[in-house]
Amino acid sequence: MKKKVFVIGGGPAGIMAAGKAAELGNDVILLEKNDRLGKKILISGKGRCNVTSNTDIEGLIKNTPGNGNFLYSSFYTFSNHDLIAMLNGLGLETKVERGERVFPVSDNSKDVVDALWKFLKLKGVSVRLNSPVDSIITKDGKVTGIITRDGKKLECDCVILATGGVSYPGTGSTGDGFKIAKELGHKIIDLKPSLVPLLAKEKWVKDLQGLSLKNVEISLKNSKGKKIYSDFGEMLFTHFGVSGPLILSASRHILEYEYKDVVLSIDLKPALNEEKLYDRLTRDFEKYSRKQFKNALDDLLPSKMIPVVIDLSLISPEKFVNQITKEEKRSLVKLLKNLEINICGARPITEAIVTAGGVSTLEINPSTMESKLINGLFFAGEIIDVDAYTGGFNLTIAFSTGYLAGANC
Ligand SMILES: Cc1cc2nc3c(=O)[nH]c(=O)nc-3n(C[C@H](O)[C@H](O)[C@H](O)COP(=O)(O)OP(=O)(O)OC[C@H]3O[C@@H](n4cnc5c(N)ncnc54)[C@H](O)[C@@H]3O)c2cc1C
């Protein structure tokens, strides 16, 4: 039977849900409060859109620390490989980069949004921009309609709520869906920032703001010194602490620690073990034997980092290099291999890549995305209490849950 379906939110989850529901012969209207669709997609992957991952389904689940098990049906019904095939079919060529990350060949996220517009047109979805929705009307535990922000009551059989989280509110994700779901009796699990820049206690970190370090290894240790996580890549110092791809990925591993009482250790020279780094220092110090310590590190470190390392080494900057002792050199090696920063918090949720928390998965049927409380109400995307690491996994969640909701409404 042909149903009238409203999809609220024109991000990846809502677009996919609307297209699928229309493909099945329903009369589908997609309501987006912005004047364009997919604003967050446009800024995703630094404007390149890491649209999914090339991994297998177990890989998708493993990379979804926030309720990954809830997503088995979504991923098996519409997988990352189905998504790639769909986008390719819409004329969007994709490529796989390091870490199985999938991007459009054009490196332009706008091409992803254009392909999704094409999808909506092909399936016959009616799109209404500048159309914020305020609430959902129900009767006897069943959806009967919606109320738009300008007060209009519109009747329907089903609603798919895909309004995203509360991160980067400038893209339209301002948390409206949480209010709407709560009004209907749904439990909202506490919203927390995930994939977020971290705050540092040390003052010297601020002195390094703007400095980006490539090819470093970081590890995170808890207050008992137990290693929680380690990875290799690129990070950035900022006026508040640390950021960059490596830090954002690492941050999800300390959400459970509330981003506090964790030590970040940076190995500035991961390619060299302590012995090799000692030999390297010895060679540099021979080359600069008549120079002062402060003028002998140019080959080893970025210039902004030199005063900080000198300060932390406790070796006098004026000391001539040929007077530096073996012990001092050994402790310098230790410092370069283990530059420690105390993490004391995270930037606000509005600056997080993803919102952790959301509509409780216990109240959503994982096989259909339908609410267990209200008939005809479906959820899709970041509004649900699921979240994943970086690598294309969060967009995959949005598309897969959107597909499942659209297929079952
Ligand atoms: C800077 C940044 C970079 C990212 N990069 C990547 C990446 O490369 N790869 C990846 O996998 N993930 C990435 N993410 C995460 C990913 O973009 C999100 O997880 C994903 O967009 C969530 O999709 P969604 O459809 O659930 O929500 P959203 O994309 O947030 O879409 C929700 C839509 O609902 C609309 N809306 C909200 N309230 C209402 C209302 N009341 N009425 C009507 N419409 C409403 C909003 O305007 C918005 O268009 C990134 C996120 C950010 C912030």
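Close amide H pairs (under 5 Å, H built 1.01 Å from N) link VAL7 with ILE29, LEU30, LEU31, ILE160, residues at least 5 positions away or on another chain. In plain terms, the chain from GLU93 to LEU301 could stretch by 70.9 nm, reckoned as 0.36 nm per residue minus the Cα-Cα distance.
Take the convex hull of the alpha carbons in the chain; its mean projected area over all directions comes to 21.1 nm². For the options SER251, SER194, SER135, a Gaussian network treatment of the chain with springs between C-alpha atoms closer than 10 Å singles out SER135 as fluctuating the most. Neighbour counts of other Cβ atoms within 10 Å put HIS81, HIS186, HIS239 in the fewest-to-most order HIS239, HIS81, HIS186. Panel order for THR163, THR55, by other beta carbons found within 10 Å of each beta carbon, from fewest to most: THR55, THR163.
Springs join every pair of Cα atoms under 10 Å in this Gaussian network model of the chain, and among PRO317, PRO197, PRO366 the largest mean-square fluctuation is at PRO317. Converting phi to 3J(HN,Hα) with the Karplus coefficients 6.51, -1.76 and 1.60 and the offset θ = phi - 60°, segment 287-294 yields 4, 10, 4, 9, 9, 7, 3, 5 Hz in sequence order, with x at every glycine or proline.
Within the shell of other residues whose beta carbon sits under 9 angstrom from the beta carbon of LEU42, the net charge comes to +4, with Lys and Arg scored +1 and Asp and Glu -1. Over segment 197-346, Cα pairs under 8 Å with separation of 6+ residues give a relative contact order of 31 percent. Mean projected area of the convex hull spanned by the Cα atoms of segment 106-157, taken over all viewing directions: 5.3 nm². Note on segment 197-346: the C-alpha convex hull projects to 8.3 nm² when averaged across all orientations.
Residue-wise HN-Hα couplings along segment 311-326, as the Karplus relation 6.51 cos²θ - 1.76 cosθ + 1.60 with θ = phi - 60° gives them from phi, are 4, 6, 6, 6, 8, 4, x, 8, 4, 6, 4, 5, 9, 5, 7, 4 Hz; Gly and Pro carry x. Of the trypsin sites (Lys or Arg not before Pro) in segment 6-77, the ones in a loop by DSSP (not H, G, I, E or B) with at most 14 other beta carbons within 10 Å are ARG36. Around the amide H of ILE136, modelled in the peptide plane, lie the amide H atoms of ILE147, all under 5 Å away and 5 or more residues distant in sequence or on another chain.
Between LYS121, LYS95, LYS326, the GNM of the chain built on Cα springs shorter than 10 angstrom shows LYS326 fluctuating the most.
Averaging Cα coordinates gives a centre for segment 249-319 and one for segment 346-392; these two points are 41 Å apart. Counted residue by residue at 0.36 nm each, then reduced by the alpha carbon distance between them, the extension gain from LEU362 to LYS179 reaches 64.1 nm. Comparing SER316, LEU198, LEU213 along the charge dipole axis of the chain, the residue lying farthest to the positive side is SER316, per the Cβ-charge model.
The magnitude of the dipole of segment 130-287, with charges of +1 and -1 set on the Cβ of Lys/Arg and Asp/Glu and taken from the Cα centre, is near 220 debye. Cysteine residues of the chain whose Cβ has no partner cysteine Cβ closer than 4.7 Å: CYS49, CYS156, CYS344. Computed from backbone phi with θ = phi - 60° and the Karplus coefficients 6.51, -1.76 and 1.60, the 3J(HN,Hα) list for segment 60-67 is 5, 5, 4, 8, 10, x, x, 6 Hz; x is used for glycine and proline. Extension gain, TYR257 to GLU351: 0.36 nm times the residue separation minus the Cα-Cα distance gives 32.0 nm. Given contacts defined as C-alpha pairs under 8 Å and at least six residues apart, what's the relative contact order of segment 363-409, whole-number percent? Relative CO of segment 363-409 lands at 41 percent. Remark: SER313, SER367 ranked as SER367, SER313, counting other beta-carbon atoms within 10 Å and listing the fewest first. Put a plus charge on the Cβ of each Lys and Arg, a minus charge on the Cβ of each Asp and Glu, and nothing anywhere else: the dipole of segment 197-346 about its Cα centre is then about 200 debye.
Taking a straight Cα-Cα cut-off under 14 Å and skipping sequence neighbours fewer than 8 places away in the same chain, the aspartates and glutamates within cross-link reach of LYS201 are ASP261, GLU340. Across the options GLY47, ILE341, PHE378, the greatest Cα extent toward the positive end of the charge dipole of the chain (unit charges at beta carbon of Lys, Arg, Asp, Glu) belongs to ILE341. When only Cα pairs below 8 angstrom with a gap of at least 6 residues are kept, segment 52-114 shows a relative contact order of 33 percent.
With each label modelled as a point 7 angstrom along the Cα→C-beta vector, the ILE228-ILE57 pair spans 3.2 nm. Between VAL166 and THR355, the built amide H atoms are under 5 Å apart, and every one of these is 5 or more places off in sequence or on another chain. The distance linking segment 395-409 with segment 88-162 is 10 Å (Cα centroid to Cα centroid, whole angstrom).
Each value in this text was obtained by applying a stated rule to the coordinates, not by laboratory testing. Just so it is clear, the model here is predicted, and its values are computed rather than measured. Glycine also receives a Cβ, built like all others from the backbone with ideal geometry; neighbour counts cover every protein chain displayed.
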